[in-house]
Amino acid sequence: MKNKLNLIYKKLFAHFGPQHWWPGETPFEVAIGAILTQNTNWGNVEKAIDNLRKEDILEAVALHDLSAKKLAALIRPAGYYNIKAKRLKNFLNLLAGEYRGSMKRMRKEELPAIRKKLLSVNGIGPETADSIILYALEKPVFVIDAYTKRVLSRHNLMEHEAPYEEYQELFHAHLKKDAALFNEYHALLVRTGKEYCRTKPLCEPCPLKGV
């Protein structure tokens, strides 16, 4: 299993090169993006984040003080804007209450404690929590998403319907626990899922053909 996971990584990296994920100028912006990207594409998230940047409120205190109604209007391009405004507010309340609005303070805490607190926030599930931990806080946890499940299940590494935790343990058990590696690997799997391992797959030109 370890050899196959490493082979997949090497083939994808050789084909695509580094992905430079996650897009965002600050850890806080990355965390906001991770919440906004639920059930939408990144282009829509960028429009919402640009709205916040233009208002000069893309930081913890300003967004925490902003009304939910105003926040929802600004993030409208990301879709489900009323729901996402509530989720952002819930995250901002955690950040303010536990870490005095500082992503640096959050990062200083141990990974299991951070993950437990994030998962306690209404509207933040494992994928979003782990995205914040990996991409914003640069801690080694592997993010599992629909693309990862599709690629791995089609290559017989795991049943598609296996739980999130089992997919995650596959990576944690067989790879070095390194945030940079997990970051790059997950980004490469997403790229593969978008370009080749689609709902209707393009297997012939796929860099993982024959793996």
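Could you check, for region 125-145, whether at least one of its residues is part of a helix (DSSP H, G or I) and either of a type in the set (Lys, Arg) or more than 17 Å from the chain's Cα centre (by Cα) (or both)? No.
Return only the number of the condition from (1) over 21 Å from Leu119 (Cβ atoms); (2) under 18 Å from the mean Cα position of the chain (by Cα); (3) surrounded by fewer than 19 Cβ atoms within 10 Å (Cβ to Cβ) that Val45 does not satisfy. Answer for Val45: the failing condition is (3).
When the criteria are applied in full, Gly33 fails the requirement of being surrounded by fewer than 16 Cβ atoms within 10 Å (Cβ to Cβ), outside the structural domain of Asp178 (by TED's automatic domain parsing), free of Cβ contacts under 8 Å to residues at least 40 places away in the same chain and outside any loop (DSSP other than H, G, I, E, B).
With respect to the conditions (1) at pLDDT 95 or above; (2) surrounded by fewer than 16 Cβ atoms within 10 Å (Cβ to Cβ), Val121 falls short on a single one, namely (2). Being part of a helix (DSSP H, G or I) and closer than 28 Å to Glu184 by Cβ is true of Gly43. Condition first: within 18 Å of the chain's Cα centre (by Cα) and in a helix (DSSP H, G or I). Can you find one or more residues in region 66-76 that meet it? No. Is it true that some residue in region 153-162 is in a helix (DSSP H, G or I) and either in contact with a Leu (Cβ under 7 Å, 6 or more places away or on another chain) or over 25 Å from Glu204 (Cβ atoms) (or both)? Checking region 153-162: not a single residue is in a helix (DSSP H, G or I) and either in contact with a Leu (Cβ under 7 Å, 6 or more places away or on another chain) or over 25 Å from Glu204 (Cβ atoms) (or both).
Looking across region 85-116 at every residue that is in a helix (DSSP H, G or I), touching a Leu at 6+ places or on another chain (Cβ under 6 Å) and free of Cβ contacts under 8 Å to residues at least 60 places away in the same chain, the one that is farthest from Thr26 (Cα to Cα) is identified as Ala85.
Scan region 14-30 for residues that are in a loop (DSSP other than H, G, I, E, B), closer than 30 Å to Lys209 by Cα and out of contact with any Phe, Trp or Tyr (no Cβ under 6 Å at 6 or more places or on another chain) and the total you get is 6.
For region 173-195, the criterion of being among the basic types (Lys, Arg), within 21 Å of the chain's Cα centre (by Cα) and either surrounded by 18 or more Cβ atoms within 10 Å (Cβ to Cβ) or farther than 17 Å from Tyr9 by Cα (or both) is satisfied by at least one residue. Checked against (1) of a type outside the set (D, E, K, R); (2) in contact (Cβ under 8 Å) with a residue 24 or more places away in the chain; (3) under 30 Å from Thr199 (Cα atoms), Val121 passes all but a single condition, namely (3).
The values are calculated or read from the model by the stated rules, or taken from the named source; none is laboratory data. Remember, predicted model here, so these are calculated numbers, not experimental data. Glycine also receives a Cβ, built like all others from the backbone with ideal geometry; neighbour counts cover every protein chain displayed.
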